[in-house]
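Okay, structure first, notes after.
The values are calculated or read from the model by the stated rules, or taken from the named source; none is laboratory data. Please read these numbers as outputs of a predicted model, since none were measured by experiment. Reconstructed Cβ throughout: ideal geometry from the backbone, glycine too, with neighbour counts over all protein chains shown. Side chains are part of the model used for accessible areas, which takes the heavy atoms of the whole protein and leaves out ligands, DNA and RNA. Shrake-Rupley method; radii C 1.70, N 1.55, O 1.52, S 1.80 Å.
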Amino acid sequence: MPSDTTAAGTTVETSSGLDVVKLGARIGAQINGVRLGGDLDAATVAGIRAALNEHRVIFFRDQQHLSEDGQYEFAELLGHPTTPHPTLTSTGVKSLAIDSRHGRSNVWHTDVTFVDRVPSASILRAVTLPSYGGSTTWASTVAAYDSLPEPLKRLAESLRARHTNRYDYAVTAAEDHLDQEYRREFESTYFETEHPVVEVHPETGERALLLGSFVKEFVGLSATESRALFQLFQQRVTRLENTTRWNWSLGDVAIWDNRATQHYAIDDYDGSEHRKLTRITLAGGIPVGIDGASSTVIAGDAQDYSAAESLPRAA
Ligand SMILES: O=C(O)CCC(=O)C(=O)O
Ligand SMILES: [Fe+2]
C-alpha cells in the first residue's frame with residue numbers, strides 16, 4: 001500500500017485518497033479532512049468503508065456541524081440504520097442516546113449480541129463531555145483470535161455461546177451503574193441467541209472472537225467451565241496491544257466495525273459530570289462460524305429492530 005511519511009513521522013495511507021493516520025498496529029485510525037454528512041461522494045464513502053474494514057475503528061475530529069439528522073443521513077450512505085435498539089425505544093427515534101444519567105458501559109462488549117442480526121457497525125458522536133475522563137477503548141477481536149495459540153484457536157472454533165440481554169448476573173447493587181428504569185427497559189423483552197465463538201467476517205473473511213458481556217454460557221459446558229473459558233478468551237481480546245483508546249473532544253465521531261471489535265466506556269469521571277453521545281447503528285447479518293453454521297435464536301424476535309443484512313460472504 002503506498003504511503004507517505006509526514007513531518008511528524010506518522011504514516012499516512014494514500015491508496016483510498018483519504019488521509020488515514022494509523023493509531024496502532026492492530027486497531028484504530030484517524031481520518032482527517034473529511035466533512036461527514038449525507039452529501040459525501042461515493043468514493044469517499046467507499047474509502048471510509050475500506051478504512052473501517054482495515055482498522056476496525058476510525059475517528060474523525062471537528063464534525064461540529066453534524067446534527068442527529070446529518071449523522072443519520074451519513075449513516076444511510078454507509079449502510080442501513082437499525083431502529084435505535086431492540087428494547088431501548090424511549091430515548092429517541094433515529095438514534096440511541098448514550099447518556100451517563102442512564103448508565104455507563106464500563107464493561108467489555110460487542111453491541112447487541114443477544115439478537116441474531118448483530119449490527120455491522122455503529123457511528124458515535126460526542127454531544128456533551130465531562131471536563132476530564134470519559135474516554136472509550138476498543139479492542140480488535142480479529143487480533144485476539146489471530147494471536148491465540150493454535151490449540152486455543154481450535155477450541156474457540158469448536159464452541160458456541162449463548163448471549164442474552166439479561167446480562168451481568170453477578171453484578172451487585174453497588175456496582176450496578178445502570179439506572180433502574182433504564183435496566184427495566186433494557187430487559188423488557190427477553191432475547192437470547194446462540195452464536196459461534198469464532199465468526200467469519202462477512203466482508204474480509206477474517207476470523208474474529210464473538211464474545212463480550214452478553215455471554216451467558218458456552219453450549220455444553222458447566223457454569224464454572226464457561227466462566228473459566230470466557231475469562232481466558234476475553235483476556236486475549238482486552239490485551240492492551242489489541243486495543244486503542246480515544247480521548248473525546250466535542251465534535252468527534254467514532255465508527256467501529258461491530259463484527260471485529262469490543263469496546264469499553266471508561267467510567268473515570270465523577271457523578272456530577274454529564275456525558276452524552278449519540279449512536280446510530282447499522283444493520284448486520286446473521287453471524288456464521290467456520291463450519292458454515294449460523295447463529296440461532298433461542299428467544300425473542302428482532303425483526304422490528306433490524307432487517308438481517310445478507311451480504312455476499314467473503315471466500
Ligand atoms: O459511552 C461510550 O463511549 C460507548 C458506549 C457504548 O457502549 C456504545 O455506544 O455502544
Ligand atoms: Fe456499546
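Structure notes:
- Number of the condition not met by residue 305 [criteria: (1) in contact with a strand residue (DSSP E or B) (Cβ under 7 Å, 6 or more places away or on another chain); (2) open to solvent by less than 30 Å² (accessible area, probe 1.4 Å); (3) within 16 Å of ligand 2 (Cβ to nearest atom)]: (1)
- Selected residue (only one of 279, 236 is of a type in the set (Lys, Arg) and away from ligand 1 (no atom under 15 Å from the Cβ)): 236
Rundown of residues vs (1) more than 16 Å from ligand 2 (Cβ to nearest atom); (2) closer than 26 Å to residue 49 by Cβ, yes/no style:
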{"site": "232", "(1), (2)": "yes, no"}
{"site": "235", "(1), (2)": "yes, no"}
{"site": "265", "(1), (2)": "no, yes"}
{"site": "271", "(1), (2)": "yes, no"}
{"site": "280", "(1), (2)": "no, yes"}
{"site": "294", "(1), (2)": "yes, yes"}
{"site": "309", "(1), (2)": "yes, yes"}
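- Members of region 182-200 found to be part of a loop (DSSP other than H, G, I, E, B) and either at positive phi or crowded, with 20+ Cβ neighbours inside 10 Å (or both), listed by number: 191, 197
- Some residue of region 52-61 being more than 15 Å from ligand 1 (Cβ to nearest atom) and in a loop (DSSP other than H, G, I, E, B): yes
- For region 12-38, the candidate set comprises residues that are on the phi < 0 side of the Ramachandran plot and over 25 Å from the mean Cα position of the chain (by Cα); within that set, the residue that is modelled with the highest pLDDT is 15.
- Among the residues of region 93-120, those identified as of a type in the set (Ser, Thr, Tyr) and either more than 10 Å from ligand 2 (Cβ to nearest atom) or open to solvent by less than 10 Å² (accessible area, probe 1.4 Å) (or both) are 95, 100, 110, 113, 120.
- Single residue of region 219-253 satisfying the filter (hydroxyl-bearing (Ser, Thr, Tyr) and in a helix (DSSP H, G or I)) that is surrounded by the fewest Cβ atoms within 10 Å (Cβ to Cβ): 224
- Filtering region 130-149 for residues that are in contact with a Gly (Cβ under 8 Å, 6 or more places away or on another chain), within 16 Å of ligand 1 (Cβ to nearest atom) and modelled with pLDDT of 90 or more leaves a non-empty set.
- Filter result for residue 306 (more than 13 Å from ligand 1 (Cβ to nearest atom) and closer than 19 Å to residue 165 by Cβ): yes
- Positions within region 248-268 being within 11 Å of ligand 1 (Cβ to nearest atom) and more than 13 Å from the chain's Cα centre (by Cα), in sequence order: 248, 252, 266, 267
- Failed item in (1) open to solvent by less than 10 Å² (accessible area, probe 1.4 Å); (2) in a loop (DSSP other than H, G, I, E, B); (3) touching a strand residue (DSSP E or B) at 6+ places or on another chain (Cβ under 8 Å), with residue 256 passing the rest: (2)
- Residues located in region 121-146, provided they are buried (at least 16 other Cβ atoms within 10 Å of the Cβ), more than 16 Å from ligand 2 (Cβ to nearest atom) and of a type in the set (Gly, Ala, Ser): 143, 144
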